[in-house]
Amino acid sequence: MFDKLGEISNEQLSNYLFIICGAISVAVIVWRLTDVINKLVRKIAGLNNDRQRYFTIPSPNFAALKRHLLYAPILNKRHNREIQLSSAVNIGTLPTRFQMLFLTAYFAVNVIFCVIEIPFAETVDIAAAQIRNRAGVLSTLNMIPLIILAGRNNPLIPLLGISFDTYILLHRWFGRIAILEALVHTLAHFAKSHWTMASLEAVMKVPLLGWGLVATCAFVAIGIQAYSPIRHAFYETFKVLHISLVILAIYGLWIHFDLIAQGGDGKYLTWLKVVIALWGFDRVARVVRTLFSHLGGSRSRTVVEALPGNAIRLTTTLARPWSTRPGQHAYLYMPSISLWQSHPFSIAWVDGVEDPKNERLASTRQDLMGPEQMRVSYVIRARTGFTENLYKKALAAPGGRLETTCYSEGPYGGTHSLDSFGSVVLFAGGVGITHQVPYIQRLVAGFADGTVATRRILLVWTIQSPEHLEWIRPWMTEILAMERRRDVLRIMLFVSQPRSTKEIHSPSATVQMFPGRPNINTILSMEQEHQVGAMAVTVCGPGALSDEVRQAVRWRQNRTSIDFIEEAFTW
């Protein structure tokens, strides 16, 4: 009797969980659509308006929402600054207040669904059987959003306008929920059997139970090896082991659900097929993206240059062009460094180069003026593992210049447009400048063409040494020579560790250099005094810098209309 009632309840709760996830997605889509329309109207209104006073005035309610919820850390200031117990032990970062509320609510819903209508007043056998079934159903169901959230080609990223970094955060927590429910599912089975040795022997002998246990063990192993200190300490090993354990878990579940389906209930196997299809789609899409960029046309070519400050500039020429936007990144595969793993890097610059294949085959002047190849550049700071090995290899090459094989998968991201903001302040720390340079190029060009609402651009870049200017020198030289650049762009360079005061000199009134670190509060106060229209403040750099900028923006919400955009790659 209770088993039958439990199964009906499980199906209803499954539908409820689907409805909850769907309702959240719809709500975010409505929010996203409203935001897009608002920015479009603001952009059009600001194209021929140099003051944009209406858009400078903040909405009191929305300002309070951003200050206390959307932009707020859980407690005081710390969000993106990593928690390190030592140089070798990294706990990771903390979610924002809004993210924490969402994750807590979703976790609470799963806990409630696991225990609601369970007949605890009955015998242990009956209650444990109901909990076992319920937890197993919920764990399987949560695997669907779990896989969607992990995909680079997740269609919800452009649809909802949520960063991939946020999706990865959700992926981790959905994974932990699914693991806990799988563990409850298995432990409840043993509780139903009163923890006897006979129950363990039965599990080992019965394929339905045995493969279910294999899947649970794989889940638990995933949870252990994905623990932040282990993941950060052995990241490249983590990735290989993570995928291997996922495959083992899915294989165990397939046999487990197939045997259940033979008993007449095939919906769990159908859910698993959906999970496999989603995972397979993302993997196939990655391969297709990579092949499209490198097959056809002229041969792709990659040059790696060693730069001061343990950095490299990697430039790859694609066989087929990408359609790129500021703020995007790509994943790079370099077989000579890492056989099959890929790593994400911000796209720093995109330009064209003559296609040597067209030049060789040209027979008319029209052929000679044919399409250019796209050249995509990245600046990469050597850390550990992949980036350290790449830097050492480039440094050892003649002249610090290496030509190698690199496959690019992308572009991804670029969900934020700054075209509708009258004032834009871009903070960058170290190699985080690569995220900001494409925005500067687009906004300066748009200002000259009259295609953006932007009237004031300030770049604040913190570096350790003036030598680091070499990282982006060719691109910044091109930006500084752009039409009407002096009318819209100012640059403040802060050198945190100058060797002498002679290194600190300002080339012009619009490009200034200072020793030390920027006073973010002072800079934003000055910008708000001369603000045109709505202001966007973006940051890409170390976690401590991001947290300082976030706090400064939060406490200025009541003064003028100011939005905060943070770019981060957490791993």
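The values are calculated or read from the model by the stated rules, or taken from the named source; none is laboratory data. Treat the numbers as computed from the prediction; the structure is a model and nothing was measured. Glycine also receives a Cβ, built like all others from the backbone with ideal geometry; neighbour counts cover every protein chain displayed. Just so you know, the surface numbers come from the protein's heavy atoms only, side chains and all, with ligands and any DNA or RNA stripped out. Shrake-Rupley method; radii C 1.70, N 1.55, O 1.52, S 1.80 Å.
Full extension from Val109 to Arg559: what is 0.36 nm times the residue separation minus their Cα-Cα distance, to one decimal in nm?
Working: separation 450, 0.36 × 450 = 162.00 nm, distance 3.82 nm.
Additional length available on full extension: 158.2 nm.
If you average the sequence gap of Cα pairs under 8 Å that are 6 or more apart and divide by the length of the chain, what percent do you get for the contact order? Before the final figure, lay out each step's value.
Numbers: 946 pairs, mean separation 95.9, N = 571.
Across the chain, relative contact order equals 17 percent.
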- Query: Once volume of the Cα convex hull per residue in Å³ is worked out from the coordinates, which option in (1) 162; (2) 211; (3) 191 does it equal?
  - Reply: (3)
- Only bridges with both residues in the chain count here: give the DSSP antiparallel percent, nearest 5. 55
- Query: Residue by residue, what Karplus-based ³J(HN,Hα) values in Hz, rounded to whole numbers, does the stretch 233-250 have, using 6.51, -1.76 and 1.60 with θ = phi - 60° and x for Gly and Pro?
  - Reply: 6, 9, 4, 5, 5, 4, 4, 5, 5, 4, 5, 4, 5, 4, 4, 4, 4, 5
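If you count, for each residue, the other Cβ atoms within 10 Å and average over each peptide, how do 211-221, 278-288 line up from highest to lowest? Mind dumping the intermediate values first?
On the way: 211-221: 20.6, 278-288: 14.8.
Result, highest mean first: 211-221, 278-288.
Would you mind working out the magnitude of the charge dipole of the stretch 478-522 relative to its Cα centre, with +1 at each Lys and Arg C-beta and -1 at each Asp and Glu C-beta, to the nearest 20 Debye? Can you show the working numbers first?
Values: 7 positive and 4 negative charges, 27 e Å.
The calculation lands at about 120 debye.
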- Query: Which of the aspartates and glutamates could be linked to Lys392 by a straight reach, that is with a Cα gap under 19 Å, when you skip same-chain ones fewer than 8 residues away?
  - Reply: Glu236, Glu305, Glu403, Glu467, Glu470
- Note on the structure: Farthest towards the positive end of the dipole of the stretch 38-105, among Gly92, Phe102, Ala64 and with Cβ unit charges of +1 on Lys and Arg and -1 on Asp and Glu, lies the Cα of Ala64
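Do the sum for the chain: with -39,500 (n - 2.57) for every DSSP H run of n ≥ 4, divided by all residues, what is the mean residue ellipticity at 222 nm, to the nearest 500 deg cm²/dmol? Walk me through the numbers before you get to the answer.
Numbers: 20 runs with 296 residues, N = 571.
Helix contribution divided over all residues of the chain: -17000 deg cm²/dmol.
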- Task: Can you tell me the dipole magnitude for the chain around its Cα centre, using point charges on the Cβ only (Lys, Arg +1; Asp, Glu -1), in Debye to the nearest 20?
- Result: 1140
- Message: Using only the alpha-carbon atoms, how far is helix 97-115 inclined from the longest principal axis of the chain? Give it as 0 to 90 degrees, nearest 10.
- Response: 10
- Largest first, what is the accessible-area ranking of Met535, Met492 with a 1.4 Å probe? Met492, Met535
- How much accessible area does Glu529 have with a 1.4 Å probe, in Å² rounded to the nearest 10? 140
- List the aspartates and glutamates whose Cα lies under 17 Å from the Cα of Lys39, skipping any in the same chain that are fewer than 8 positions away. Asp50, Asp419, Asp563
- A chain fully extended from Ile116 to Ile247 at 0.36 nm per residue, minus the present Cα-Cα distance, gains in nm 44.0 nm
- Query: Taking the Cα atoms only, what angle lies between the long axis of helix 164-192 and the longest principal axis of the chain, rounded to 10 degrees?
  - Reply: 10
- Report the FRET efficiency, 1/(1 + (r/R0)^6), for Val240 and Leu208, where r is their Cβ-Cβ distance and R0 is 30 Å, rounded to 0.05. 0.50
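What FRET efficiency comes out for the pair Leu480/Phe569, r = Cβ-Cβ distance, R0 = 30 Å, nearest 0.05?
Numbers: r = 28 Å, r/R0 = 0.94.
With a Förster radius of 30 Å, E is 0.60.
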- Note on the structure: Taking only protein heavy atoms and a 1.4 Å probe, the highest-to-lowest accessible-area order of Ser561, Ser293 is Ser561, Ser293
- Query: PRE reach from Asn49 (point 7 Å along Cα→Cβ): which of the stretch 448-463 fall under 18 Å by backbone N?
  - Reply: 450-456
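Using a 1.4 Å probe on the protein heavy atoms, what percent of the accessible area of the chain belongs to carbon and sulfur?
Values: 17160 of 27600 Å².
That share works out to 62 percent.
With a 1.4 Å probe and all protein chains in place, put Glu548, Glu483, Glu527 in order of accessible area, largest first. If you can, show how the numbers build up before the last one.
Numbers: Glu548 75, Glu483 130, Glu527 10 Å².
Per-residue accessible area, sorted high to low, gives Glu483, Glu548, Glu527.
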- Item | Area accessible to solvent at Asp125, 1.4 Å probe radius, in Å² | 60
